[in-house]
Structure formats: C-alpha cells, structure tokens
1. Run the paramagnetic zone check for K91: 7 angstrom along Cα to Cβ, then residues of the range 45-73 with backbone nitrogen under 11 Å.
2. What angle do you read, to the nearest 10 degrees and between 0 and 90, between the alpha-carbon axis of helix 14-25 and the longest principal axis of the chain?
3. If you take volume of the Cα convex hull per residue in Å³ from the coordinates, which of [x] 114; [y] 95; [z] 134 do you get?
4. Grab the DSSP H runs of the chain that are 4 residues or longer, score each as -39,500 (n - 2.57), total them, divide by all residues and round the 222 nm result to the nearest 500 deg cm²/dmol.
5. Could you pull out the trypsin sites (Lys or Arg not before Pro) across the range 60-89 that fall in loop regions by DSSP (anything but H, G, I, E, B) with no more than 12 other Cβ atoms inside 10 Å?
6. Placing unit charges on C-beta atoms (Lys and Arg positive, Asp and Glu negative, everything else neutral), compute the dipole magnitude of the chain about its Cα centre in debye, rounded to 20.
7. Could you work out how far the C-alpha centroid of the range 1-44 sits from that of the range 50-74, in angstrom?
8. Could you tell me which residue out of A75, A30, S59 lies farthest along the dipole of the chain toward its positive end? Charges go on the beta carbon: Lys and Arg +1, Asp and Glu -1, centred on the Cα centre.
Amino acid sequence: MTIHSQTNEITRSGQFWALAQFSRFIRRGALRFDSQGMIPDLDHVGLENPDGQRIIVLSNAAVDRTVTLQLGAMAAEVNLKKDSVTTLVWK
C-alpha cells in the first residue's frame, strides 16, 4: 500500500489484495494440501483449516478464462478475470 505524501491518496497493490484474501479465509493452524495444475499464468494453493474447511486460492495473471477445479468427487467451473485473485471454500 502506498500513501501519497502530499495528497494522502491511498493506492493498494496486488499484494495487498492477495494478503486480504488469505487473511479473510485461512485460519491459524491451516495446513497446505497438494494441488496440481499445468495452466500457464495460473497459480494456486490449497489449504485445510483446523475445522476441516478447505480453501483454494487462485491467482490468474492471464486473460479472462474459465477453469475446471476438482477436489475429490466435487468439481466446479470457475470464471476468472484477468489479473485476479479468487478464493473458493468447501465446507
């Protein structure tokens, strides 16, 4: 986050918004689980909170697109905007 010294205008970076996603959904004691994918410019991480809730965070650096995610027997098609961070929660 940057604060302009003369105008006090606040500019939030991509890292700021990514951290906001993580802190909103991922709890202390969460464990990362293996996630696999070979889509260019799509980064992801999967975590399980202590209460069993599973979280997938996707970072899409490419164009708007739709991807299919699978977690065990569950699957979902997700629309991702260009330069976005998306969080999915399974309970």
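1. 53
2. The angle comes out near 50 degrees.
3. [x]
4. -4000 deg cm²/dmol
5. K81, K82
6. The calculated dipole for the chain is roughly 260 debye.
7. Distance between centres, Cα-based: 15 Å.
8. Ranked along the dipole, the leading option is A30.
A short reminder: the numbers here are calculations on the coordinates, not readings from a lab. Quantities reported herein were computed from a predicted structural model and do not represent experimental measurements. We place every Cβ from the backbone using ideal geometry, glycine too, and count neighbours over all the protein chains shown.
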